[in-house]
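Below is one structure, written out as structure tokens; comments come after it.
The values are calculated or read from the model by the stated rules, or taken from the named source; none is laboratory data. For clarity, every value in this text was computed on a predicted model and none was experimentally measured. All Cβ positions, even for glycine, are placed from backbone atoms using ideal geometry, and neighbour counts span all protein chains on display.
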Amino acid sequence: MKIFVEIYKKLTKIERHVFHGAAIIFFISALMLGILIFESITTKKPASSNIYREGVVGQPIAINPVISGGNGADADLEELLFSDLVELTKEYKVSANGQTWNLILKDDLRWSDGKPLTSDDVIFTIDTIQDTGSRSPLLQTWQGVVIDRISELEIEINLRAPYIYFLDNLKDLRIIPKHIFGTIPPENIRLSNFNLEPVGSGPYKFSSFEKKKDGFILAYHLATNEYYSGTVPYIENFDVNFYPSSALLTEAFNSGEIDGFGGINQKYLDQIKLNYSLSEKIIPQYYAIFLNKNSKTALADKEVIKAFNFAVNKQEITEKVFDNKAMVVSGPILPVIEGYDTTSSSTQKFSVDEANALLDKSGWKLNAETSVREKKIKKMETLEFSLIVPQIPFLSETAEIIKENWAKIGVKLNLIALNPDDIANDVLKTRNYEMMLFGNILKSNPDIFSFWHSSQRFYPGLNLALYENKKVDGLLESIRKNTDENLRKIDIVKLQQLISADNPAIFLYSPIYLYVAPKDFGGFDEKIINTPADRFRNAPEWYLETTRVFK
């Protein structure tokens, strides 16, 4: 070392500068090389973190998967707090005819309060759904299904007819605890405090909730469930904060009050001030104008409906309403679903000229005074219709654009904006509408029986077009039970072709689901989620921090 000091002392000023520069370069190079070597022999792995805070618009009402229905806030919490039957199952067997399913539960399952979870809880859950007193929205799905107890861990489920997609029903069935609800009459289950202080079997358990004096629930606080049968979550605590509007939700993110939220419209992303990561997910759902062909003669005229289709500028809608974050839809099955037919569901071009030509040819003449087309059938009929629209901003915008589109072909559209709850409680039950702008949420399979089979034309069925076609009915029934994949795909294509030819609805779009999260957020890798609440299906894999471990 002494000799190096002597040499350094003999260096000129310039030589010392050169030496210092070389030393710095050597040090930085060595450091960079060390980092590269470290990274080559290690890999990033998610690390545990303390808390994640989710923001949601709405209010929980009954966090009970048997009775909650379509309330988004309830569904979000249920996904975090309850396990589905497939998650709880160790193995299952299906009979040759597809009608008998034997399920064996995992060993030593427990509820979040430590009590055993057994086959009795599964049977109780299905019995409660099937009891009309509980008014479960799942009743139709489980009607006629017979369940028997084989042992504490095994059950046998018998179906009235083979159903090829029954596994999806099991994935959607979240089990509720018999020891909590078993002594309550089904009619009174909705009154139980456990609907707001749930005992579940999911990755998280209920800790507490906050509410204002007026009853508005501000937040739910969840903690890791030590009895969860799946992977332990990386995030130890999970808060869900509730807001009355999307504007306040965005404000909460900007102020750092929450870490993430979903369902934002692409147009409003510029309102977010903090750095964020954005995930785009496909949900198998679409929006359409459903036509009640029994309400007006013109709505039963295929040429008129063809003209309506030509005159809807779907591209304009997706651009103006969603800033292009939506898929144009032209049929009852989406491209992400098995058996999608590109031929029958190809996008119909927008053409005001062709729409006008069709109406001219069909004898609908423009009244110069009213600018509305009319035609004498038994009496003078006009192309003037009422369109029911849920009071949801993107649907209101959509309806206004369609109103303008159709005015160009001599069609007058009167918009009737209603609260979504009023539509669910009144309009859907009575089917009292001429046209309705509404959405269908599909599953990841092509079973669209509930939306298009003639038996579902009236409440509680979801055939909102009151559509009736015997060939379509036959195909819908065949698709549900056909175990031959090739023949099933042929039927699915035929089904789409028949429905598209009949024009029972004007298909519009499928919005892309956008999720806003922190920059360091990871683990939400699914490209397709079945519902907005389904974003939490793999919540145990979410993480906010990483560490490096040796390969």
Give me the residue from region 264-291 that is surrounded by 14 or more Cβ atoms within 10 Å (Cβ to Cβ) and among the charged types (D, E, K, R) and, out of that set, farthest from the chain's Cα centre (by Cα). 267
Looking at 506, 529, can you tell me which residue is in the same structural domain as residue 314 (by TED's automatic domain parsing) and in contact (Cβ under 8 Å) with a residue 40 or more places away in the chain? 506
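Quick one: is residue 450 touching a residue at least 24 places away in the same chain (Cβ under 8 Å), small (Gly, Ala, Ser), part of a helix (DSSP H, G or I) and not assigned by TED's automatic domain parsing to the domain that holds residue 135?
Numbers: touching a residue at least 24 places away in the same chain (Cβ under 8 Å): yes; small (Gly, Ala, Ser): yes; part of a helix (DSSP H, G or I): yes; not assigned by TED's automatic domain parsing to the domain that holds residue 135: yes.
Here the answer is yes, as residue 450 does meet what is asked.
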Can you spot a residue in region 176-196 that is of a type outside the set (A, V, I, L, M, F, W, C), in a strand (DSSP E or B) and either closer than 16 Å to residue 120 by Cβ or in contact with a strand residue (DSSP E or B) (Cβ under 7 Å, 6 or more places away or on another chain) (or both)? no
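Here's a check for you: in region 126-145, which residue that is assigned to a helix (DSSP H, G or I) and closer than 22 Å to residue 162 by Cα is farthest from the chain's Cα centre (by Cα)? It would help to see each step written out before you state the result.
Taking region 126-145 and keeping what is assigned to a helix (DSSP H, G or I), we get 126-130, 132-134, 139-142.
Within this subset, residues satisfying the condition of being closer than 22 Å to residue 162 by Cα are 126-127, 129-130, 139-142.
Values: 126: 23, 127: 27, 129: 22, 130: 25, 139: 20, 140: 20, 141: 18, 142: 21 Å.
Going through the qualifying residues, I end up with 127.
The rows are residues; the columns are (1) at pLDDT below 95; (2) closer than 24 Å to residue 285 by Cβ.
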site: 359; (1), (2): no, no
site: 393; (1), (2): yes, yes
site: 402; (1), (2): no, yes
site: 420; (1), (2): yes, yes
site: 453; (1), (2): no, yes
Using beta carbons and a limit of 7 Å, which pairs, at least six apart or on different chains, have the first residue in region 304-318 and without any contact (Cβ under 8 Å) to a residue 40 or more places away in the chain and the second one surrounded by fewer than 21 Cβ atoms within 10 Å (Cβ to Cβ)? 315/328; 315/350
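Does region 238-287 hold any residues that are in contact with a His (Cβ under 9 Å, 6 or more places away or on another chain) and not acidic (Asp, Glu), and which are they?
Within region 238-287, 238, 240 meet the criteria.
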